[in-house]
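Engineer: Pasting a structure here, questions to come.
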2 protein chains.
Amino acid sequence: MTEQKTPYDLPDVSGLSLGILGGTGDQGKGLARRFGMAGHRVTIGSRSAERAEQAAAELGPSVCGADNAVAAGEPDVVIVAVPWDGHRATLESLRAELAGKIVVDCVNPLGFDKQGAYPLTVEEGSAAQQAAAVLPDSRVVGAFHHVSAKLLLNPEIDAMELDVLVLGDDREATDIVRALAERIGGMRGIYAGRLRNAHQVEAFTANLISINRRYKAHAGLRVTDV
Amino acid sequence: MTEQKTPYDLPDVSGLSLGILGGTGDQGKGLARRFGMAGHRVTIGSRSAERAEQAAAELGPSVCGADNAVAAGEPDVVIVAVPWDGHRATLESLRAELAGKIVVDCVNPLGFDKQGAYPLTVEEGSAAQQAAAVLPDSRVVGAFHHVSAKLLLNPEIDAMELDVLVLGDDREATDIVRALAERIGGMRGIYAGRLRNAHQVEAFTANLISINRRYKAHAGLRVTDV
């Protein structure tokens, strides 16, 4: 990879294969579908290989299914889209497979009550920081928190009109993830700070849910002046 | 005020006068300048009336200065733009003056170290929730967290290209503050959730600071699909 000249120059990531843990959930399926459309080989993982294969069958010829260990171990970059409940345990069980890799955490620790969504307290500060703590040999990046699964899965939506906020302490890794975000039509990947500032990005998903309720929308964010 | 038909219908707030506590800081001065340009009578407050008057003299004929008690007591709506350090004490000292009013908190509790900005832990959850706890008889709304003071004060910038995220539990109060945001050219006021979801909006200012450093920008947010 050549040296970056400006914050906007990004590496060529077109050849990278992707694994998606929790790939049978809506967020995981939506990302798998879009990355498959962009030409990436995608392996979605689940605790059951059979369920993963069934989900993959709906998502196009570039997407296959496997158990989580294969989806974590074989691809170049692995996206974590599991429910918050199983976040720590899933990552702990895949520590060896994920060693040395870029791991992209897009999990939002949220609770829900009759007033809507609210952020949960995470001992490590955020899901991304928990991933970094559990996976000391991986390169953890936070991204794709605000992407509407409904829009990702909607065949009538060609372009996703939002910016993906990318967080991490490893510059090369955040640039690769930013470049991956830009493989999906309409998206930009914007560096948005270190992992210690991931909590508020994850938690902001609760605000987007409030916005969606009030405006009957699928809201996302654009960063202005960049 | 007539009943709201859609989430986009907003009340007429053109006649409201504004007080700005901490009005001699850059954020306060910038908001005072823009609201003055929009035709509002603005009183900026400071512990010293003289300092407030000096600051007001630079900000146009609609802006005057006074001590904090006058800036809190006389105007229709009061914006809190004090440093986080003095937030609680200032509000406690003005509880009587602020009773019954809409109080707009735009304070971001942040710390800074060599890695940049990070959110501070606030006992009540957020500055806005602290304001609500200290001012039980006021109608507290969170807003204007992400507005660049530099752009507000720059005479060459006509329009502020960003959305103001407005948080609160009082629908009429958040609508009034949304309408006030829209008095400033380029801004939209977007309802973004209850006060319990204010923390991450305040904390996100740390991310904007990271973005500004990386991209040499004055970043703001736009909400898509609304």
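The values are calculated or read from the model by the stated rules, or taken from the named source; none is laboratory data. Everything numeric in this text was worked out from a predicted model, so none of it was measured. So basically every Cβ, Gly included, is an ideal-geometry build from the backbone, and we count neighbours across all protein chains shown. Surface areas here come from the heavy atoms of the whole protein model, side chains and all, with no ligands, DNA or RNA. Shrake-Rupley method; radii C 1.70, N 1.55, O 1.52, S 1.80 Å.
Engineer: Determine the residues within the range B:139-183 where the difference in accessible area between the chain on its own and the full set of protein chains amounts to at least 30 Å²; count protein heavy atoms only and use a 1.4 Å probe.
Structural biologist: Output list: B:Arg171.
Engineer: Using only alpha carbon pairs under 8 Å that are at least six residues apart, calculate the relative contact order of the range A:1-121 and give it in whole percent.
Structural biologist: Working: 229 pairs, mean separation 26.9, N = 121.
Relative contact order, the range A:1-121: 22 percent.
Engineer: Report the accessible area of B:Leu16, computed with a 1.4 Å probe over the heavy atoms of all protein chains in place, in Å² rounded to the nearest 10.
Structural biologist: Counting only protein heavy atoms, the figure is 50 Å².
Engineer: Order the following by accessible area, largest value first: A:Lys5, B:Lys29. Probe radius 1.4 Å; ligands, DNA and RNA are ignored. Please report the intermediate quantities before stating the final value.
Structural biologist: Working: A:Lys5 170, B:Lys29 35 Å².
Of A:Lys5, B:Lys29, the descending order of accessible area is A:Lys5, B:Lys29.
Engineer: What are the ³J(HN,Hα) couplings of the range B:81-98, residue after residue, when phi is run through the Karplus curve with 6.51, -1.76, 1.60 and θ = phi - 60°? Round to Hz, x for glycine and proline.
Structural biologist: For the range B:81-98, the Karplus curve yields 10, 7, x, 4, 3, x, 4, 5, 5, 4, 5, 4, 6, 10, 4, 5, 5, 8 Hz.
Engineer: I've got another one for you. For A:Asp137 and A:Glu58, compute 0.36 nm times the residue count separating them, minus their Cα-Cα distance, and round to one decimal in nm. Each step should come with its number before you reach the end.
Structural biologist: Values: separation 79, 0.36 × 79 = 28.44 nm, distance 3.36 nm.
Working it through step by step, the gained length comes to 25.1 nm.
Engineer: How much accessible area is lost when chains B and A come together, counting both sides, with a 1.4 Å probe, in Å² rounded to the nearest 100?
Structural biologist: Working: alone 11060 and 11030 Å², together 18400 Å².
Separately minus together, B and A give about 3700 Å² buried.
Engineer: Out of A:Asp170, A:Asp113, A:Asp85, any idea which swings most in a Gaussian network model of chain A, alpha carbons joined below 10 Å?
Structural biologist: Looking only at A:Asp170, A:Asp113, A:Asp85, the largest GNM fluctuation is found for A:Asp113.
Engineer: So, one more: Given a 1.4 Å probe and the protein chains all in place, what does the accessible area of B:Ile211 round to, in Å² to the nearest 10?
Structural biologist: Accessible area, nearest 10 Å²: 0 Å².
Engineer: So, one more: Taking every alpha carbon pair in the protein assembly as shown, what does the distance histogram look like in 20 angstrom bins from 0, in percent?
Structural biologist: 26, 52, 21, 2
Engineer: Share of antiparallel DSSP beta bridges in the protein assembly as shown, in percent to the nearest 5?
Structural biologist: Details: 15 of 65 bridges.
Counting only bridges with both partners in the protein assembly as shown, antiparallel ones make up about 25 percent.
Engineer: Shifting gears a bit: Explain nothing, just the number: relative contact order of chain A, from Cα pairs under 8 Å at least 6 residues apart, as a whole percent.
Structural biologist: On the way: 503 pairs, mean separation 40.6, N = 226.
It rounds to 18 percent for chain A.
Engineer: Rolling a 1.4 Å sphere over the protein heavy atoms, what is the accessible area per residue of the range B:18-215, to the nearest Å²? Don't skip to the end; give the middle numbers.
Structural biologist: Details: 7420 Å² over 198 residues.
So the range B:18-215 comes to 37 Å² accessible per residue, rounded to a whole number.
Engineer: If you don't mind, there's one more thing I want to ask. Kindly provide log₁₀ I(q)/I(0) values, in the same order as q = 0.13, 0.16, 0.18, 0.26 Å⁻¹, from the Debye equation applied to equal alpha-carbon scatterers of the range A:113-176.
Structural biologist: Taking Cα atoms of the range A:113-176 as identical point scatterers yields -0.53, -0.75, -0.87, -1.10.
Engineer: Rounded to two decimals, what ratio of Rg to Rh does the range A:2-118 give with C-alpha atoms and a Kirkwood Rh? Before the final figure, lay out each step's value.
Structural biologist: Details: Rg = 15.2 Å, Rh = 14.8 Å.
Rounded to two decimals, Rg/Rh equals 1.03.
Engineer: What percentage of the solvent-accessible surface of the protein assembly as shown, computed with a 1.4 Å probe over protein heavy atoms, is contributed by carbon and sulfur atoms? Write down the numbers at each step before the final one.
Structural biologist: On the way: 8630 of 18400 Å².
Summing carbon and sulfur atoms, their accessible area is 47 percent of the total for the protein assembly as shown.
Engineer: Is the shape of chain B rounded, prolate or oblate, going by the alpha carbon gyration tensor and its root eigenvalues a ≥ b ≥ c, with a/c under 1.5 for rounded and a/b larger than b/c for prolate?
Structural biologist: Details: a/c = 1.13, a/b = 1.08, b/c = 1.05.
Rounded.
Engineer: For A:Phe112 paired with A:Trp84, estimate the spin-label separation in nm (one decimal), with each label point 7 Å from Cα along the Cα-to-Cβ line.
Structural biologist: Computed distance between label sites A:Phe112 and A:Trp84 equals 1.2 nm.
Engineer: Please arrange A:Leu120, A:Leu135 by accessible surface area, largest first, computed with a 1.4 Å probe and ligands excluded. Could you put the intermediate results ahead of the total?
Structural biologist: Numbers: A:Leu120 50, A:Leu135 0 Å².
From most exposed to least exposed: A:Leu120, A:Leu135.
Engineer: Still on this structure: How do B:Phe35, A:Phe112 stack up against each other in accessible area, from largest to smallest, with a 1.4 angstrom probe? The partial results should precede the final answer.
Structural biologist: On the way: B:Phe35 0, A:Phe112 130 Å².
The most accessible residue leads, giving A:Phe112, B:Phe35.
Engineer: If amide hydrogens are placed 1.01 Å from N in the peptide plane, which non-local residues have theirs closer than 5 Å to the one on A:Ile20?
Structural biologist: A:Thr43, A:Ile44, A:Gly45, A:Ile79
Engineer: How much accessible area does B:Val77 have with a 1.4 Å probe, in Å² rounded to the nearest 10?
Structural biologist: Near enough 0 Å² of accessible area.
Engineer: Still on this structure, I have one more. In whole Hz, what ³J(HN,Hα) sequence does the range A:188-202 give by Karplus (6.51, -1.76, 1.60; θ = phi - 60°), x for Gly and Pro?
Structural biologist: For the range A:188-202, the Karplus curve yields 10, x, 10, 4, 10, x, 7, 4, 5, 9, 7, 3, 5, 6, 4 Hz.
Engineer: On alpha-carbon atoms, Rg over Rh for the range A:71-156 using Kirkwood Rh? Don't skip to the answer; put the middle values down first.
Structural biologist: Numbers: Rg = 13.9 Å, Rh = 13.8 Å.
Here Rg/Rh amounts to 1.01.
Engineer: Can you tell me the FRET efficiency between A:Asp76 and A:Lys150 if r is taken as the Cβ-Cβ distance and R0 is 22 Å, rounded to the nearest 0.05?
Structural biologist: Values: r = 28 Å, r/R0 = 1.26.
Between A:Asp76 and A:Lys150 the formula returns 0.20.
Engineer: Using θ = phi - 60° and the Karplus form 6.51 cos²θ - 1.76 cosθ + 1.60, what ³J(HN,Hα) does each residue of the range B:160-176 get, whole Hz, x for Gly and Pro?
Structural biologist: 8, 8, 7, 9, 8, 7, 10, 10, x, 9, 10, 4, 5, 5, 5, 5, 5
Engineer: Taking amide hydrogens as modeled 1.01 Å from N in the peptide plane, which residues meet the under 5 Å criterion relative to B:Arg188, leaving out close sequence neighbours?
Structural biologist: Amide H neighbours of B:Arg188: B:Leu162, B:Asp163, B:Val164.
Engineer: Most fluctuating residue of A:Gly19, A:Gly111, A:Gly65 in a GNM of chain A with Cα springs under 10 Å: which is it?
Structural biologist: Highest fluctuation of the listed residues: A:Gly111.
Engineer: May I pose another question? Could you tell me what percent of the DSSP beta bridges with both partners in chain B are antiparallel, to the nearest 5?
Structural biologist: Details: 5 of 30 bridges.
Beta bridges within chain B, antiparallel portion: roughly 15 percent.
Engineer: Based on Cβ point charges of +1 for Lys and Arg and -1 for Asp and Glu, what charge dipole magnitude is obtained for the range B:18-215 about its Cα centre, in debye rounded to the nearest 20? Walk me through the numbers before you get to the answer.
Structural biologist: Values: 20 positive and 25 negative charges, 77 e Å.
It works out to roughly 380 debye.
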